[in-house]
1. For labels at D487 and E229 in the simple 7 Å Cα→Cβ model, what's the distance in nm?
2. Does a label point 7 Å from the Cα of Y456, set along Cα-to-beta-carbon, have any residues of segment 482-498 with amide nitrogen under 20 Å, and which are they?
3. Angle, helix 129-141 long axis vs. longest principal axis of the chain, Cα atoms, 0 to 90°, nearest 10?
4. ³J(HN,Hα) across segment 275-287 via Karplus (A = 6.51, B = -1.76, C = 1.60, θ = phi - 60°), whole Hz, x for Gly/Pro?
5. For segment 378-449, what are Rg and Dmax over the alpha carbons, in angstrom?
6. Expressed in nm to one decimal, what extension gain is obtained for the pair I102 and A251 from 0.36 nm per residue of sequence separation less their Cα-Cα distance?
7. Compute the label zone of K183 within segment 199-226: residues whose backbone N is under 20 Å from the point 7 Å along Cα-to-Cβ.
8. Any chance you could run the full-extension gain for D11 through V426? It's 0.36 nm times the residue separation minus the Cα-Cα distance, nm to one decimal.
Amino acid sequence: MKNIVELNRLDRDCAKLLQDVKTLALVCYQWGDTGKGKFADFFASWADIIARGTGGANAGHTIKFRGKEYVFHLLPSGILHDIDKKVNIIGRGVAIFPKTLINELKILEKEGKTYNHLIISQDAKLIMPQHILLDRLKEINLDSGKVGTTGKGVGPAYVDHYDRCGLIMNDLQNIDIFCKKLKQNLKTKMIFLRNCDSESIKKIMFHKDLEFGYFYSKKNIFAIDAIVESYIKQGKEIKELICDTDFFIQASVGKKKILLEGAQGILLSIDYGTYPYVTSSDSSGDGLARGAGLCSKDVDMTLGIVKAFYETRVGNGPFPTELGGKRSSNWCRKLISKETEQKIFSYASVNSIDPFFQGIGIRKAGNEYGATTGRPRRIGWLDLPLLRYALKCSRSNNVILTKVDVLNECKEIKICNEYIYKGKPVKVGANNLRPNNILRVAVPYAEILDKCQPLYQIFEGWQDEINSSNVNELPDQFKKILNFVKDSCNLNIKIISIGPGRDDTMFV
Ligand code: IMP
């Protein structure tokens, strides 16, 4: 009975929140992995059209649907919902590795589901074997400045787009054009690859993601015929889905309910993120709208997801509040599996005194292991200077707070309210940043963030399970932290998520 009442409550609250909204953008205000999947799924029930516009198989969306967990990298979250009523779009801004897409479609087939309600932009970028090779080679060869990419070839695919030599989904439908573009593209790649270590190349080309060497040629590195054959075959499998999705979505604006489903987070955006430790698409609301075939003015509401009161980062890059600092980032770089880590550090808890162990404790409590790579996510306290920066970029302070239950047992919660700058004097635009200056809003440049020390506001934890759906009944200590965060960032908190389930959701 409770569930029916709960679901009615949620539908009612959702309808109230979105009463004047036709196009809703859902983005993340941190480094991704904020529990976007739950809300993409949640709002997919509301939407008629669900569109992705950024990223590619580097993203991992975990969706719980009718008691089952699905991890998709490319398919929009609405794919599991009423096939007769909803349309799912993979937009022009997405970088697609066809094999990943087809594997996800096979998961649907296995479950007896169809995907007639999926359309894919003819302009979406194609990820080719050379992109995966280049992505991984670069990461192997760099001594410093490694980004710690997901190795899915996303960066090099976008580079080719901007370098005017990329391939798009439409090319899969035209073998002559595909061959011509592929050959031209590989010609320029070879200039660089001829000087790379052939053993490293071979090792990557024999990885399972590249069909165990199927695309490899000893003489030319790439077996062009095998690439053509494989891609054209894959193109045939999905040809019914490829079309002008821009036309469709633009014609639907203001008429249909549209959910734009973000990937990654604004702090990973190529334009706004903690450069150069970013992904290669613009994961802000603007980038999402553009990648889905729309523009920002088509969006009626942007909801930014914020993990509370901790945050995570996968891969390298500055992370001022990281628990355990360098020790944590070095540990997470080792790609230790979740099982091994939990065995070695079985004693780590959210209340461990040593920050490194406390970080592991929070990782365990929040199951913070990458959905795409399985990597342990680096853990740190909520960072308000970075959040203020994200809000400034996004120009929307509507937020959803997620995963607050992870810290239910935590005795003490630290919130970074400001930074103290400990680097050399540096100019930032028209301003001078000097040692010991206090920063309330982060400067996103890695070399500056690396020199920022967090100044914490310390709170007693609420140490209780939150099981009420009423904001007024939240534990006092929780409300104290919530109000502090809200007031000091001028947040408009719309929803609080207190658990993974649909009914663990509170509209504010
Ligand atoms: P790439 O997107 O694979 O090029 O990786 C660039 C950076 O973005 C790396 O630090 C990745 O760990 C990070 N990244 C990419 N996708 C995601 C995601 O979905 N969640 C969290 N981090 C991501």
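1. 6.9 nm
2. So the set is 482-486, 488-489.
3. Roughly 60 degrees between the two axes.
4. Residue by residue, segment 275-287 yields 4, x, 8, 9, 8, 10, 10, 8, 8, 7, x, 4, x Hz.
5. Over segment 378-449's Cα set, Rg and Dmax evaluate to 14.7, 45 Å.
6. Here the answer is 50.9 nm.
7. 215-226
8. 144.3 nm
The values are calculated or read from the model by the stated rules, or taken from the named source; none is laboratory data. No experiment lies behind these values; they were computed from the predicted model shown. Reconstructed Cβ throughout: ideal geometry from the backbone, glycine too, with neighbour counts over all protein chains shown. Accessible surface areas use protein heavy atoms only, side chains included; no ligands, DNA or RNA. Shrake-Rupley method; radii C 1.70, N 1.55, O 1.52, S 1.80 Å.
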